[in-house]
Amino acid sequence: MTDHDWTSDGRLHLGVGIEDTFIAEEELGQRKLDEYELTQHYENWREDLSLAAEVGAQFVRWGIPWYLVEPQPGEFDWRWIDEVAEHFQKLGLSCVVDLMHYGTPLWLENSFANGRYAERVAAYGRAVAERYAGVFDYFTPLNEPVVNALYCGENGVWPPRFVGDDGFAKIIAAVAKGIVLTQREIAAANPAAKFVHVDAGFRWTNEGPVRTRELLEQRRFIALDLVTGRVTPEHPLYGYLRDGGVSAADLEWLVASAVTPDVVGVNYYPGFTTLEFDENGVERGVEAGTAGLRELLLAYHERYGLPLAVTETSRGASVAERITWLDESIATVNELRAGGLPIVGYTWFPFFTLVDWLYRQGTKPADHWFVHMGLVDLERGADSRLIRHRTDAFGHYQEIARSLHE
């Protein structure tokens, strides 16, 4: 590995994450959504990673664009990834590789619903692990599986555009099988590999018009329950999945083939992780501050008993408010650690400005959809180049990193 194993030494390690959503399909009224392209990371990746090292991060959540790396089934183009891997090593940064951050290659018909999806994504994962063992040793097989199931399976926003509970069930089962096979293939190729499962830890304040709060709160755990072999006929969502078309054989396979991650990552944003239903039954985010973060971390630990990491957190607000949230959230993590909770990582995500996913359905230029939540803000210059501007939050994070390293 590039350094000692940060997932198991008992200390708190700081990281940053680079937004890496890749929805490559271009359809009527739907633009390609490649965050690296929109934020000019492809042109500025050396600077971006060097800034991560400068700010004091020990690891970076960074994703490989599968659709570009494997442009045809089984044919890989590693040229850019080779350069990136070398730079990670030069900087002494650990990379938590986001193998799948939404979106599949264009050649994979029907995306997650393709009958060979799990096999194809696992083969891709193994190829990465074989080539970069010793440089890339930390993996997230698939980021936020429940969000995948919502966007691709329940709401019909992204391919394969399934809808309803039936669609949710089919997609969550497919991505869970992909995670299991991917972890198995990576571990076979690189026995030193470590796995960070990343969940979006939603919370709700009231009952929904269609689905009960109890169902919603069970569903937030369903991916990791499937991956770790917990969904037997006694599981509260076993019938829900069966009603959605998931076969008993598929569920039995997941139980028999279960894997366990080394770290459970929880994504939490104080302004929109907690949801409520308004009088029209529409979900909207509500402010929950550190109380929501505390509750989620405790809930995941109680359920799985594994080391934890905050794998995403930030606040889309003024720089001063970002600094306040940085202090408040770090203080909460330290309090929980002092109380015995095994939190090993904290990740400010995104490291720099991202482009709102609504860009895909819109017509306005990317700048209209900029969301400034990072330690670094993007500013477009007269030559159209996006300048990386260190905010005061960047310096504040540096101070915290120095204090932890002392």
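The orientation-averaged projection of the convex hull spanning the C-alpha atoms of the stretch 1-57 amounts to 5.8 square nanometres.
Once R0 is set to 41 Å, what does the formula 1/(1 + (r/R0)^6) return for the Cβ-Cβ distance between PHE272 and GLU302, expressed as a FRET efficiency to the nearest 0.05? The formula returns an efficiency of 0.95 here. Within the shell of other residues whose beta carbon sits under 11 angstrom from the beta carbon of TYR397, the net charge comes to -1, with Lys and Arg scored +1 and Asp and Glu -1. Just to be sure I understand the model, the point goes 7 Å from the Cα along the line to the Cβ. What's the resulting GLU287 to ALA382 distance in nm? Placing both labels 7 Å along Cα→Cβ, they lie 4.1 nm apart.
Which shape class, rounded, prolate or oblate, goes with the chain when its Cα gyration tensor gives a ≥ b ≥ c as root eigenvalues, a/c under 1.5 marks rounded, and past that a/b bigger than b/c marks prolate? Taking the square roots of the gyration eigenvalues as a ≥ b ≥ c, the chain is rounded.
Each of the peptides 284-291, 374-381, 267-274, 95-102 was scored by the mean count of other Cβ atoms within 10 Å over its residues; in descending order, highest first, they stand as 95-102, 267-274, 374-381, 284-291.
Residue ranking by accessible heavy-atom surface, 1.4 Å probe, largest first, among LYS364, LYS32, LYS90 comes out as LYS90, LYS364, LYS32. Considering the stretch 161-232 at the alpha-carbon level, its Rg and Dmax are found to be 14.8, 47 Å.
The magnitude of the dipole of the stretch 204-304, with charges of +1 and -1 set on the Cβ of Lys/Arg and Asp/Glu and taken from the Cα centre, is near 180 debye. Summarising the amide proton neighbourhood of ILE387: residues at separation of 5 or more, or on other chains, whose placed amide H is nearer than 5 Å comprise GLU379, ARG380, GLY381. Among the DSSP helices (H) of the chain, those spanning at least 30 angstrom by Cα along their long axis with an average Kyte-Doolittle hydropathy of -0.5 or more are 164-189; this is a geometric and hydropathy rule only. Bridging of LYS170 to aspartates and glutamates at a Cα separation below 17 Å is possible for GLU109, GLU119, GLU144, GLU154, ASP225, ASP243, ASP250, GLU252, once same-chain residues fewer than 8 apart are set aside.
Placing a pseudo-label 7 Å from each Cα along the Cα-to-Cβ vector at HIS4 and ASP327 gives an inter-label distance of 3.1 nm. Solvent exposure of the stretch 1-95, expressed per residue, is 38 Å² of accessible area, with all protein chains present and a 1.4 angstrom probe.
Computed over the alpha-carbon pairs of the stretch 242-375, the distance histogram in 5 Å steps reads 2, 9, 14, 16, 15, 15, 13, 10, 6, 2, 0 percent, short to long. The HN-Hα couplings worked out from phi for the stretch 277-283 by the Karplus form 6.51 cos²θ - 1.76 cosθ + 1.60 (θ = phi - 60°) are 9, 7, 5, 9, x, 8, 6 Hz, whole numbers, x standing for Gly and Pro. Return the lysines within reach of LYS90: Cα separation strictly under 30 angstrom, same-chain partners fewer than 8 residues apart disregarded; answer none if there are no such residues. Hits, sequence-local ones excluded: LYS194. Centre-to-centre, using Cα atoms only, the stretch 176-196 and the stretch 375-406 are separated by 33 Å. Here's the list of aspartates and glutamates a cross-link from LYS32 could span, going by alpha-carbon distance under 16 Å and ignoring same-chain residues fewer than 8 apart: GLU19, ASP20, ASP356, ASP367. Largest accessible area first, the listed residues THR363, THR324, THR228 line up as THR363, THR324, THR228 when surface is computed with a 1.4 Å probe on the assembled protein chains. The magnitude of the dipole of the stretch 40-148, with charges of +1 and -1 set on the Cβ of Lys/Arg and Asp/Glu and taken from the Cα centre, is near 240 debye. Phi-derived couplings, Karplus 6.51 cos²θ - 1.76 cosθ + 1.60 at θ = phi - 60°, listed residue by residue for the stretch 58-68: 9, 9, 10, 7, 9, x, 8, x, 3, 5, 8 Hz, with x used for Gly and Pro. The order of ASP199, ASP77 by accessible area, most exposed first and with a 1.4 Å probe, is ASP77, ASP199. A straight chain from SER403 to THR363 at 0.36 nm per residue would run longer than the Cα-Cα distance by 9.9 nm.
The values are calculated or read from the model by the stated rules, or taken from the named source; none is laboratory data. All values reported here derive from a predicted model rather than from experimental measurement. Here the Cβ is made from the backbone with ideal geometry for all residues, glycine too, and neighbour counts use every protein chain on show. Side chains are part of the model used for accessible areas, which takes the heavy atoms of the whole protein and leaves out ligands, DNA and RNA. Shrake-Rupley method; radii C 1.70, N 1.55, O 1.52, S 1.80 Å.
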